[in-house]
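K.L.:
The structure that follows is given in the form of structure tokens.
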Amino acid sequence: MRKQRPIGWLPTSLLLLGAFYCLLPVIWVLTAATKSRAELFTSQAFTPGTGLFGNLSDLSAYRDGIFWNWMANTALYAGGGALLATVVSSVAGYALAKYQFPGRGLIFTTLIGGILVPSVVLAVPQYLLLAKLGLADTYWAVLLPSILSPYSIYLARIYASAAIPDALLEAGRIDGASETRLLRVVAFPMMGPGMVTIFLFQFVAIWNNFLLPYIMLADDGKFPLTVGLYTLLVTGANQPALYNLVITGALLSIIPLIALFLTMQRYWRTDLSGGSVKS
Amino acid sequence: MARARRGARASRAGAIPYLYLAPAIALFCFFVAVPIGYTVYLSLRRAKFSGLGLGKGSRKEIFVGLDNYRAAISDGEFWASWVRVLGYAIGVLVLMLGLALVFALLLDSATVRFGRFSRIAIFLPYAVPAVVATLLWGFLYLPSLSPIHDLLEAVGITGVDLLGPGTVVFSMANIAIWGGTGFNMLVLYTQLRSISRDYYEAARIDGASEWAIALRIKVPMLVPAIVLTTVFSIIATIQVFSEPVTLRPITNALSSTWSPLMKVYRDAFVTGDLYSAAATSIVIAVISLIPSLGFLRLVRRRAFGEDV
């Protein structure tokens, strides 16, 4: 048993100070989004206003509701991309962790090397290549590159080697199970929690991505939220009347991710070197 | 430890592992290997116009060897952008990782209250896209809206322009620190939780203070995780793009080539000079390869033993 320790006021207040700093812009946008156009520039910051519903209907009316289009696009890019990335990475990570085969080290190093290539070095030629295939400015242009995630493959390999005992695979083989059956019946269920973590990280990465859709897309009907809000800011920079829309849009764009955060707490494991996985 | 089991038996699976890796390898080829090859190809070429440069056939691509590289390397603006980004990156890395380490150690101390609340609050900015984070802070920096200005005026400081030529770098660094501290804190904190509590009890019995335990036991055991988060952060920070691009509409202090990546974007899509953009990209890649190679060595040794 550990004995009760006194409350450390210094560490506690330092942490609360950090928490305050991190929450500050979120609280600000929460209150600013409730202000009407006039209140935004006149009333005190951090005091709620009366314009929330006005702002929401203005935003929904802006260019026939294109904001909700962006929201749906983002959900499609992040949800679809993360789902496919999770499957591709888990299968690859499982193969790298549980099989010995010629070229294993080379394949792993090469795939992981993808983390290190600056995104712009890839994004420009990716755009040119997809344009040659007639896929630039389509949903595929954002979805397909998002499926490859070296970081997810790296995590999947850690999870597979930690979660799946070799003995279980051997026993399955002795019982005559095929390799694909082992993947379905043994590997996937045991990697389950790790796959949820991979999905979440990739979901956030795609949701937050700006460079790739910014380069790939020209038609604003296909924009995700990040690029949409950016164009709204560019349009609104000279018209403070649009500030309300940008602020309300910014608030709405972070609500889904914050909800995902608070509900999926236990899956946000960031043990990069697999330290806390019990084997 | 999650090390791959040494001596995992060579199975008679034959083509199976290659089959499982095929989708990842195919995507890698199309979206990483071929684009890199294509960039190298473009970087060695240039458009040549004959006659007035009008009409079909007057535009030809020719091989120019290393000319584009010579132009990229001798471009003063390119190096100026590196100097700007390096100053910015050093500030961000030191403060962000320093704060992440301090917060992780504080969270792990036995005497802290409201730990769960603080942990979630500090991690929360990770859920905010860089573009949106820049929007939020950008509004907080605008004199007409900013509570920061009200606060500064209340203590007698007036006339500070948070988006001016001298200050915008700090304002931007603040956005990056705000966005990145929580994730790194969580990585370090998770690692701390996996250290056996017995070490601390033993040290306490020997009369060590909490400070001594943090500095002499916890920090040394965190070193691998600190190196890993540092390398990840270096790669992310020198690629800074979204923040300056998003801030540009509300400030005049950022040029269209403020960071090296912005220069590539401008060359490729605004000026339409793909060949220069390609050469510049390769130079950026080579420069960022230096921390990257260190990272690869680390991954191979740390996470998977020597079996790679």
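K.L.:
Please enumerate the residues belonging to the stretch B:96-109 that are assigned to a helix (DSSP H, G or I), touching a residue at least 60 places away in the same chain (Cβ under 8 Å) and at the interface with chain A (Cβ under 8 Å from one of its Cβ atoms). Can you show your working first?
P.N.:
So in the stretch B:96-109, the residues assigned to a helix (DSSP H, G or I) come out as B:96-108.
In the following step, the residues that additionally are touching a residue at least 60 places away in the same chain (Cβ under 8 Å) were identified as B:96-97, B:99-101, B:103-105, B:107-108.
B:99, B:103, B:107 - these are the residues of the stretch B:96-109 that are assigned to a helix (DSSP H, G or I), touching a residue at least 60 places away in the same chain (Cβ under 8 Å) and at the interface with chain A (Cβ under 8 Å from one of its Cβ atoms).
K.L.:
Follow-up question, since we're still on this one. Specify which of the listed residues (B:219, B:223, B:245, B:227) is within 11 Å of chain A (Cβ to nearest Cβ), surrounded by fewer than 22 Cβ atoms within 10 Å (Cβ to Cβ) and either assigned to a helix (DSSP H, G or I) or touching a Leu at 6+ places or on another chain (Cβ under 7 Å) (or both). Outline the logic, then answer.
P.N.:
Numbers: B:219 fails: within 11 Å of chain A (Cβ to nearest Cβ); B:223 fails: within 11 Å of chain A (Cβ to nearest Cβ); B:245 fails: surrounded by fewer than 22 Cβ atoms within 10 Å (Cβ to Cβ).
Result: B:227 is the single residue among B:219, B:223, B:245, B:227 that is within 11 Å of chain A (Cβ to nearest Cβ), surrounded by fewer than 22 Cβ atoms within 10 Å (Cβ to Cβ) and either assigned to a helix (DSSP H, G or I) or touching a Leu at 6+ places or on another chain (Cβ under 7 Å) (or both).
K.L.:
Taking only the stretch A:114-129 into account, find how many residues are within 7 Å of chain B (Cβ to nearest Cβ), open to solvent by less than 30 Å² (accessible area, probe 1.4 Å) and in contact (Cβ under 8 Å) with a residue 12 or more places away in the chain.
P.N.:
Residues that pass the stated criteria total 5.
K.L.:
Looking at the stretch A:137-150, which of its residues are in contact (Cβ under 8 Å) with a residue 40 or more places away in the chain and either in a helix (DSSP H, G or I) or within 18 Å of residue B:25 (Cα to Cα) (or both)? I'd like the intermediate steps shown before the answer.
P.N.:
At the first step, the residues of the stretch A:137-150 found to be in contact (Cβ under 8 Å) with a residue 40 or more places away in the chain are A:137-139, A:141-143, A:145-149.
Those that are in contact (Cβ under 8 Å) with a residue 40 or more places away in the chain and either in a helix (DSSP H, G or I) or within 18 Å of residue B:25 (Cα to Cα) (or both): A:139, A:141, A:142, A:143, A:145, A:146, A:147, A:148, A:149.
K.L.:
Regarding residue B:173, is this residue more than 30 Å from residue B:128 (Cβ to Cβ) and touching a residue at least 12 places away in the same chain (Cβ under 8 Å)?
P.N.:
On the way: more than 30 Å from residue B:128 (Cβ to Cβ): no; touching a residue at least 12 places away in the same chain (Cβ under 8 Å): yes.
It is false that residue B:173 is more than 30 Å from residue B:128 (Cβ to Cβ) and touching a residue at least 12 places away in the same chain (Cβ under 8 Å).
K.L.:
Specify the residue that is farthest from residue A:74 (Cα to Cα); the eligible residues are those in the stretch B:110-125 that are in contact with a Gly (Cβ under 6 Å, 6 or more places away or on another chain) and facing chain A (nearest Cβ under 7 Å). Write out each step before concluding.
P.N.:
To start, the set of residues in the stretch B:110-125 that are in contact with a Gly (Cβ under 6 Å, 6 or more places away or on another chain) comprises B:111-112, B:122-123, B:125.
Imposing the further condition that a residue be facing chain A (nearest Cβ under 7 Å) reduces the set to B:111-112, B:122, B:125.
Values: B:111: 42, B:112: 39, B:122: 25, B:125: 19 Å.
Looking at residues that are in contact with a Gly (Cβ under 6 Å, 6 or more places away or on another chain) and facing chain A (nearest Cβ under 7 Å), I get B:111.
K.L.:
Give me the residue from the stretch A:86-107 that is more than 7 Å from chain B (Cβ to nearest Cβ) and surrounded by fewer than 24 Cβ atoms within 10 Å (Cβ to Cβ) and, out of that set, farthest from the chain's Cα centre (by Cα).
P.N.:
A:102
K.L.:
Farther than 30 Å from residue A:192 by Cβ, open to solvent by 60 Å² or more (accessible area, probe 1.4 Å) and polar (S, T, N, Q), is that true of residue A:31? Talk me through it step by step, then tell me what you get.
P.N.:
Details: farther than 30 Å from residue A:192 by Cβ: yes; open to solvent by 60 Å² or more (accessible area, probe 1.4 Å): no; polar (S, T, N, Q): yes.
For residue A:31, the condition - farther than 30 Å from residue A:192 by Cβ, open to solvent by 60 Å² or more (accessible area, probe 1.4 Å) and polar (S, T, N, Q) - is not met.
K.L.:
Could you list, in sequence order, the residues of the stretch A:81-136 that are assigned to a loop (DSSP other than H, G, I, E, B) and touching a helix residue (DSSP H, G or I) at 6+ places or on another chain (Cβ under 7 Å)? Please lay out each step first, then the result.
P.N.:
So the first thing to find is which residues in the stretch A:81-136 are assigned to a loop (DSSP other than H, G, I, E, B), and the list is A:99-103, A:117-118, A:133-136.
Correct list: A:99, A:101, A:117, A:118, A:135, A:136.
The values are calculated or read from the model by the stated rules, or taken from the named source; none is laboratory data. Remember, predicted model here, so these are calculated numbers, not experimental data. Cβ atoms come from the backbone with ideal geometry, glycine included; neighbour counts cover every protein chain shown. Just the protein is used for accessible areas: all its heavy atoms, side chains included, with ligands, DNA and RNA removed. Shrake-Rupley method; radii C 1.70, N 1.55, O 1.52, S 1.80 Å.
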